[in-house]
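Notes follow the structure.
Just so you know, all these numbers are worked out from the coordinates, no wet-lab data involved. It should be emphasised that the depicted structure is a prediction, and the values quoted were computed from it without experimental measurement. So basically every Cβ, Gly included, is an ideal-geometry build from the backbone, and we count neighbours across all protein chains shown.
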Amino acid sequence: MSSTTADAALEWEGHPRGSSEYKRLVAALLFAGIATFAQLYSVQGILPLIASSLEITPSQSSLAVGLATVGVAVSVLAWSVVADRIGRVKAMSVSIIAATVLGLIVPLSASLPMLLTLRFFEGAALGGLPAIAIAYLSEEVHRKHTALAAATYVSGTTLGGLLGRIVAGPVGEYTNWRIGTMTVSIIAAVAAGLFLYLAPKPRRFVRTDSDGPSLGTRLWANLREPGMLALYAQGFLLMGGFVAIYNFLGFRLEGAQFGLPQSLISLIFVAYLSGTVSSRVAGQLAVRRGRGPVLAGATAVMIAGVALTISSNLIVILLGLVVLTVGFFAAHAIASGWTGQRAVVGRAQATSLYNLFYYGGSSIVGWCGGLMFQQFGWTAMALFVMGLAVLAAVIMLVTPRQHAHRSEVRI
C-alpha cells in the first residue's frame, strides 16, 4: 500500500453507527461468533454419548473439549501475524472455512486419537476469529461505537456457545453423537456463509511489512503497558471463575441434595441467553457512561450471582447462575472491546493476547476450581471465584490513572 493510500486510510474515522456498512459489519461478526463457538462447544453436552460410542472413560471424552480450547489458545498469536500480512477479513475467512470443513469431518472419527487430533486442529482453525475480530471492528468502526460493536460480536459468541450445546445434545440423544455434531456443523456452515457474504471490505487496514515492528516488539509493546495487562487480567480471572462454576455446578445438582437428572441439568446452559442480552446492553451503557464504570458494575453483578449459588434453594441457585452470566458477559464485552481500542502498536497482537489469557484462565483457573470443589465443597469454590472477581476489580482500580484517562479519551 502506498504512503498516500495509507494516510487516507488512517484519516478515515470508521463506519458510524446506523450506516449500512456498520450494520453489515456487526451482523457479519455476529454470524462469525455463532459459527465459531457453536463448533467449539458442540461436544460438551454429549460427552457421555461419545464415551459410550468410542468405549472410553469420561475423563478421556472431556479432552474433546479441552484440546479444542488449547488449539484456540496456542493459535491466536499466529493468526494475528497472518492477519497483519493478508488482512483481517481474508484471515477470518480462511479461519472460519477451515474450521467448518474440519467440523464436518469430526463426526467421522473412529477412535479417540482421531477425534482429539481433529478437535485440536479445529480449535486451532477457530482461533482466527477471536484473534482478529476485535482488531477488525476497532479499525473499521468509528471509535465512539466500538464498544457497542464489540458487544454485538460477544452476543454472537454466546448464541453460538448456547446453540452448540443445546442442539447437539437433544439431537445426539435421539440419534447418536455423530449426527448431533454434524447438525451443529451444518448450522455453523450456514452462519459462516453469511459472514463471508456480509463482511465489508476493510478500509483502514495497513499491511504490516517486513520492515515494520517485529512480532516481539508488537507483543512487548502491549505486555509492558499497565492498562493492557489489567485488561488481560480481567479475561484470565473472570473467565476462569465463570468456567469453574459452569463446569461443576452440574455435579452439585446431580448429587444427593438435589438429585436432578442429566436431561434437566443440561438446560442450565439456557442461562447463556442472559449473557447475549447483557453483553449488548453493556456496550450501550459504555457509550454513555464510559467503559470503566460499566466494567466495575458488571464485575459486581458477577460476584453477586456467584454468592447466590451458595444457597441450598434450587430456585435461588438458578437465579444466581443467570445473574452470574449477565455480569460475566457484560464484563467480557467491555474488556475485550477495550483491549482493541486502547492498543497503539500491534492491535491484532493486543487482542490475541487477551484471548490467550482468556482461554488460559478457562483451562488453568477452571481446573483449580475443580480441585477446590472436590476438596472443600461448593461454598469454598464459590468463595474462590468471588475472590478472583474481587482481585480483577482491584487490578483495574489500581491501574495508573494516566493510562485509564488516555484510553477513555480514545473511546
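Mind checking the dipole of the range 215-411: about its Cα centre, +1 per Lys or Arg Cβ, -1 per Asp or Glu Cβ, Debye to the nearest 20?
760 debye
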Nearest 0.05, what FRET efficiency do residue 374 and residue 256 give at R0 = 22 Å with Cβ-Cβ as r? 0.90
Near residue 23, which lysines are there with a Cα under 16 Å away, not counting those fewer than 8 places off in the same chain? 144, 201
Once you place label points 7 Å from the Cα toward the Cβ at residue 304 and residue 85, how far apart are they in nm? 4.9 nm
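From the C-alpha gyration tensor of the range 215-411, pull out the three semi-axes of the equivalent ellipsoid (sqrt of 5λ each), sorted largest to smallest, in whole Å.
Whole-Å semi-axes of the equivalent ellipsoid: 32, 17, 14.
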From the helices alone, meaning DSSP H stretches of at least four residues, give me the mean residue ellipticity at 222 nm for the chain, per-run term -39500 (n - 2.57), in deg cm²/dmol to the nearest 500. -27500 deg cm²/dmol
Using Cα pairs closer than 8 Å and at least 6 residues apart in sequence, work out the relative contact order for the range 15-202, in percent. 43 percent
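Give the longest segment of the chain that steers clear of GluC sites (Glu not before Pro) in DSSP loops with at most 14 neighbouring Cβ atoms within 10 Å, not counting the sites themselves.
On the way: sites that count: 13, 55.
Longest run free of exposed loop sites: 56-411.
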Whether the chain is rounded, prolate or oblate, judged on the alpha carbon gyration tensor where a/c under 1.5 counts as rounded: oblate
Would you work out which of 91, 250, 137 lies farthest towards the positive end of the dipole of the chain? Charges go on Cβ: Lys and Arg +1, Asp and Glu -1. 137
To two decimal places, what compactness ratio does the range 15-202 give when its Cα radius of gyration is scaled by 2.2 N^0.38 Å? 1.03
